[in-house]
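The values are calculated or read from the model by the stated rules, or taken from the named source; none is laboratory data. Keep in mind it's a predicted model, so treat the numbers as computed, not measured. When we count neighbours, we look across all protein chains shown, and the Cβ atoms used for this are built from the backbone with ideal geometry, even at glycine. Areas reflect the complete protein model, heavy atoms only, side chains present, ligands, DNA and RNA absent. Shrake-Rupley method; radii C 1.70, N 1.55, O 1.52, S 1.80 Å.
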Amino acid sequence: MTNNRTSLTITMPDDWHVHLRSDALLAHVLPFSTKHFGRAIVMPNLQPPVISTKDATRYQQQIQALLPQESHFTPLMTLYMTEQTDAEDVRQGYLSGHINAVKLYPAGATTNSAAGVKNIENIYPVLEVMEEIGMPFLVHGEVVDNDIDIFDREAVFIDTKLIPIRQRFPKLNIVFEHLTTKEGVDYVQSCDNNTAATVTPHHLVINRNAMLVGGIKPHYYCLPVAKREIHRLALVKAVTSGDIHFFLGTDSAPHVDHAKESSCGCAGVFNVANTLSIIAQVFEQENALDKLEGFTSLHGPAFYKLPINTHKICLKRSAIPLPLPKNIDTEEGSITVFDPQIDLHWKAENI
Ligand code: NCD
Ligand code: ZN
């Protein structure tokens, strides 16, 4: 099949995994999310983390205060799981509609994860409640053991952590966040529909060479780290197949340039400024533009049992490549926009 489409109208997308940060950074990055996304699952790894329903409500108000008047955007709030998380607060937060999910950060796995979970069995009482009420459990799926190679950490997490959790809580709704490996794709595809995965735009277009060949490129360093090409290809195949286990989570994670361009640079890429252009390019390349709306706008709401967005957006193809936004300026410094290393022809427009 050849593709000669030049425009595509789709249900407004949602972002099922984003770091909006707080204060000055929030004000700068939020407009990129509100522009073309109806909702976003807002990650709770602030400093200090968003641990209780009260914290999340305060954070949500901070976001809402910065929304443009004509915005259709709804921030969906998550709690940061700790070994002290109060199961009753989780239950009430979810049933009252204030909280949509709880996120697991294995302690030490990524940015601001020090307060995360060391011994997974200590959170079993909270998981029991979440299973009972149908609340999604979002997982940063990497082990942190020093003796496990960083490129193997996702696959080892599946075998040693996720499979036991799944066996113990067969009805729990689990999202494997920012999936990066073929092992992860195979695992998620082997599961029932109460397991799903988010996939980022960057893991669909770069492999680890982008970060390591020709000089070290800190703006391609994120966690989970990009893997070999076979893993990227497995992710592309999975999302463009139309499989409902997979939906878009940008994992847009802005850090100012001086924090990334350092002898110990932070993990995270800021991609939300060109996410939809990248996604359209990937689906076009695979002759799968007809599957794009499922990935960006339909599979996520189905998993979260939320209605799809009523607004639509249009993706328009330009014959010449679009200029790429390079960076945004903030009071705390410049933030580099993710460069996908491919020409982008598709532009998202509100209609
Ligand atoms: C995220 C961040 O900076 O908050 N970084 C990243 O590389 N993705 C944390 C995370 O999601 O792991
Ligand atoms: Zn993230």
Global size of the range 302-349 as Cα Rg and Dmax, reported in angstrom:
15.9, 39
For Ile133 and Asp149, compute 0.36 nm times the residue count separating them, minus their Cα-Cα distance, and round to one decimal in nm.
2.1 nm
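At 1.4 Å probe size, with every protein chain present, just tell me what the per residue accessible area of the chain comes to in Å². Each step should come with its number before you reach the end.
Working: 14740 Å² over 351 residues.
I get 42 Å² per residue for this part.
Would you mind getting the Kirkwood hydrodynamic radius of the chain from its Cα pairs, rounded to one decimal in Å? Could the numbers behind the result be given before it?
On the way: mean 1/r = 0.0494 Å⁻¹.
Hydrodynamic radius (Kirkwood, Cα pairs) of the chain is 20.2 Å.
Return the ratio Rg/(2.2 N^0.38 Å) for the range 79-124, where Rg is computed over Cα atoms only.
On the way: Rg = 11.1 Å, N = 46, 2.2 N^0.38 = 9.4 Å.
Scaled against compact globular proteins, the figure is 1.17.
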So what's the angle, to the nearest 10 degrees on a 0 to 90 scale, between helix 124-133 and the longest Cα principal axis of the chain?
60
Could you work out how far the C-alpha centroid of the range 213-259 sits from that of the range 126-152, in angstrom?
19
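If we sort 232-244, 46-58 on the protection proxy, mean other Cβ atoms within 10 Å, highest first, what's the order? Don't skip to the answer; put the middle values down first.
Working: 232-244: 19.6, 46-58: 16.8.
Highest-to-lowest ranking by the protection proxy: 232-244, 46-58.
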Return one number: the angle in degrees, 0 to 90 and rounded to the nearest 10, between the long axis of the Cα atoms of helix 229-240 and the longest principal axis of the Cα atoms of the chain.
90
Can you compute the label reach from Tyr124? Point 7 Å from Cα along the Cβ direction, backbone N cut-off under 19 Å, restricted to the range 152-173.
158-173
When we measure straight from the Cα of Lys347, which lysines land under 19 angstrom away, once same-chain ones fewer than 8 places off are left out?
Lys35, Lys291, Lys312, Lys316, Lys326
Which of Gly38, Gly214, Gly300 moves the most in a Gaussian network model of the chain with Cα springs under 10 Å?
Gly214
Report the normalised scattering of the range 159-221 as log10 I(q)/I(0) at q = 0.13, 0.19, 0.29 Å⁻¹, calculated by the Debye formula with identical scatterers on the alpha carbons.
-0.46, -0.76, -1.27
Tell me, what is the percent relative contact order of the range 234-344, built from C-alpha pairs under 8 Å that lie six or more residues apart?
33
Between the range 273-340 and the range 48-92, the alpha-carbon center distance in angstrom:
24
Could you list the residues of the range 28-52 with an amide nitrogen less than 11 Å from a label point located 7 Å from the Cα of Leu306 in the Cα-to-C-beta direction?
38-42
Where in the range 41-92 are there GluC sites (Glu not before Pro) that are in a DSSP coil and have at most 15 other Cβ atoms within 10 angstrom of their Cβ?
Glu70, Glu83
Considering the range 47-102, what Rg and Dmax in Å follow from its alpha-carbon atoms?
12.0, 40
For q = 0.13, 0.15, 0.19, 0.21 Å⁻¹, what log10 I(q)/I(0) does the range 84-226 give under the Debye formula with an equal point scatterer on each alpha carbon and no solvent?
-0.60, -0.79, -1.19, -1.39
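Quick one: pull the percent of accessible area on the chain belonging to carbon and sulfur, 1.4 Å probe, ligands and nucleic acids left out.
Answer for the chain is 51 percent, counting heavy atoms of protein chains only.
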Angle in degrees between helix 53-64 and the longest Cα principal axis of the chain, rounded to the nearest 10:
20
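Using the Kirkwood formula on the Cα atoms of the range 13-143, what hydrodynamic radius do you get, in angstrom to one decimal?
Details: mean 1/r = 0.0668 Å⁻¹.
About 15.0 Å for the range 13-143.
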Separation in nanometres of the label points that stand 7 Å from Cα toward Cβ, at Glu349 and Gln69:
2.5
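Under 1.5 on a/c is rounded, so check that first for the range 266-326, then, if it is not, pick prolate when a/b is larger than b/c and oblate when it is not; a ≥ b ≥ c are the square roots of the alpha carbon gyration tensor eigenvalues. The partial results should precede the final answer.
Values: a/c = 1.94, a/b = 1.31, b/c = 1.47.
The shape class here is oblate.
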For Val337, list long-range residues whose amide hydrogen, built 1.01 Å from N in the peptide plane, is under 5 Å from its own amide hydrogen.
Asn327, Ile328
Along the range 69-77, what does the Karplus equation 6.51 cos²θ - 1.76 cosθ + 1.60 (θ = phi - 60°) give for ³J(HN,Hα), rounded to whole Hz, x for Gly and Pro?
4, 8, 6, 9, 7, 10, x, 9, 9
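Sorted by mean Cβ packing within 10 Å, highest first, what order do the peptides 31-37, 345-351, 261-267 take? Walk me through the numbers before you get to the answer.
On the way: 31-37: 20.7, 345-351: 16.3, 261-267: 12.3.
So the order, starting with the most tightly packed, is 31-37, 345-351, 261-267.
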Restricting to aspartates and glutamates and to Cα separations under 19 Å from Lys227, and discarding same-chain partners fewer than 8 apart, the set is Glu142, Asp145, Asp147, Asp149, Asp152, Glu154, Asp159, Glu177, Glu183, Asp186, Asp251, Asp339
Determine Rg/Rh for the range 176-264; Rg is computed over alpha-carbon atoms and Rh is the Kirkwood hydrodynamic estimate from the same atoms.
1.02
